[in-house]
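First up is the structure itself, then whatever we jot down about it.
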Ligand SMILES: Cc1cc2nc3c(=O)[nH]c(=O)nc-3n(C[C@H](O)[C@H](O)[C@H](O)COP(=O)(O)OP(=O)(O)OC[C@H]3O[C@@H](n4cnc5c(N)ncnc54)[C@H](O)[C@@H]3O)c2cc1C
Ligand code: FES
Ligand code: FES
């Protein structure tokens, strides 16, 4: 039987309340969102917070809205809410495609986008999506909020720039008219973490690619993205040859390691193949838009 | 820490350690053994209960987080001595063998049918992807949930 080590529990009532509790409690406290990563880690004693501060009662952290030319998603928005969001789907089908293959419907009812980002698991699907879209994280502490590009959000596996006494409050993604997007994932069985995943957006205008983003999970790409591959595509016609060259470049930006999900060269092959498939579909969607 | 949870319509108050998982609160503190406890790793779904109407893997939630919530376990499906359509479905369609996964399957199955009264077999298949059965091969479980869909709906329209 796995049981967490003794822990204190506090339920936060507002963002300010959560922050003041976390700040007062210091390093030994952790916020809990859906709990689907933190509680298993506490059960395995990989995490031993002295206090967990529950964010589930904070309504202002949950919801999806358009603000100016950005999509804003509250950190406590559940996977299920992201999956079914018409607004996110309208601008970026990549959200629905990724959510559809994250965990299972029960985990998705309580697991959150903010928890996924902060857990920063190397295989986190929403981290790949966020980096592909070049989104931003809004991090709030007692002295106010700061905005950090998602491509600077991670400090390595399972580490982020969110400091003790701060919480992630929002994710913001720029809206790009005419963008097509797609997500591809290979997993061992339904609901499992990816062996490799790739998510992209592309804007095709006047016959050339004018904007794009490539994100990958589970293959240890720096900040889950492939900037060199993106640079190859900018200003180019979206031909099969150009897409394939970018996909191959993306695979070179991956640093997969062999584990129970497969050998490194297989994962690298997947990085190329899945990026190519995602690019093809995103290009077609952008051209159809 | 004092916690009060409404389970199947009955208020239960206990003084528990905050680290107590909801599944153990239900099974050990309250001695309600209908909810099963399997993998202990958030994968198998045997421990699925509803918290305020939404399914939760109760091995991955602290009991104190359910303070003030309405929890429904498999024991709460029976209404006035009558089996719920999902329970009838598992009986009629032989939806279980060892029965280990069954409480979780029923809680997820009934929730799926409530969410979408016209749910297709394919959608049910995906809907139970967080519930693992090592015995049946799933065919009869799908039949049982389809039975519930068909009978729960006729109940409503009747
Ligand atoms: C069976 C199973 C399969 C899964 N499969 C996948 C998968 O295929 N792909 C995938 O991407 N994920 C998968 N997950 C993980 C799932 O997406 C989790 O929900 C997610 O990783 C964590 O989100 P959470 O809300 O549960 O966070 P929690 O577990 O509550 O928290 C995770 C971490 O983030 C911190 N945290 C949470 N919210 C905040 C905040 N607002 N500010 C600061 N810190 C915060 C916590 O302190 C903790 O350290 C799976 C999980 C399970 C149980
Ligand atoms: S015991 Fe909870 S998911 Fe298996
Ligand atoms: S009936 Fe035995 S696990 Fe499903």
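A compact table of results
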{"item": "Which of B:17, A:184 has the fewest Cβ neighbours within 10 Å, and the rest in rising order", "result": "B:17, A:184"}
{"item": "Degrees separating the helix B:139-157 axis from the principal Cα axis of chain B, which is the longest one", "result": "90 degrees"}
{"item": "For segment A:214-289 versus segment B:1-80, the gap between their alpha-carbon centres in whole angstrom", "result": "43 Å"}
{"item": "A:118, B:93 arranged by Cβ crowding within 10 Å, fewest neighbours leading", "result": "B:93, A:118"}
{"item": "Spin-label pair residue A:234/residue A:70, simplified geometry with 7 Å Cα→Cβ offset, distance in nm", "result": "2.2 nm"}
{"item": "Prolate/oblate/rounded call for segment A:179-286, Cα gyration tensor, a/c under 1.5 rounded", "result": "prolate"}
{"item": "Cα long-axis angle, helix A:264-288 against chain A (0 to 90 degrees, to the nearest 10)", "result": "70 degrees"}
{"item": "Two-decimal Rg to Rh for segment A:3-93 - Kirkwood Rh, Cα set", "result": "1.06"}
{"item": "At 1.567 mPa s and 4 °C, Stokes D of segment A:8-54 from Kirkwood alpha-carbon radius, µm² per second", "result": "121 µm²/s"}
{"item": "Ratio Rg/Rh [Cα only; Rh per Kirkwood] for chain A", "result": "0.98"}
{"item": "Estimated FRET transfer efficiency (residue A:17, residue B:15; beta-carbon r; R0 30 Å; 0.05)", "result": "0.75"}
{"item": "Cβ-derived FRET efficiency at R0 41 Å, residue A:3 paired with residue B:114, nearest 0.05", "result": "0.80"}
{"item": "Least to most buried among A:36, A:92, A:158, A:224 (fewest other Cβ within 10 Å first)", "result": "A:158, A:36, A:92, A:224"}
{"item": "For segment A:23-42 versus segment A:86-103, the gap between their alpha-carbon centres in whole angstrom", "result": "27 Å"}
{"item": "Length-normalised contact order of chain A in % [C-alpha pairs under 8 Å, at least 6 apart]", "result": "16 percent"}
{"item": "Mean separation of Cα contacts under 8 Å, 6 or more apart, over the residue count of segment A:182-262: relative contact order %", "result": "24 percent"}
{"item": "Rounded to 10°, Cα long-axis angle of helix B:102-115 versus longest principal axis of chain B", "result": "70 degrees"}
{"item": "Cα gyration tensor category, rounded, prolate or oblate, for segment B:63-150 with a/c compared to 1.5", "result": "rounded"}
{"item": "Shape category assigned to segment A:46-154 from the gyration tensor of Cα positions, a/c cut at 1.5", "result": "rounded"}
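Values in this text are rule-based calculations from the coordinates and carry no lab data. Keep in mind that this is a model prediction, so the values were computed, not measured. Methodologically, a virtual Cβ is constructed for each residue, glycine included, from the backbone with ideal geometry; neighbour enumeration extends over all protein chains shown.
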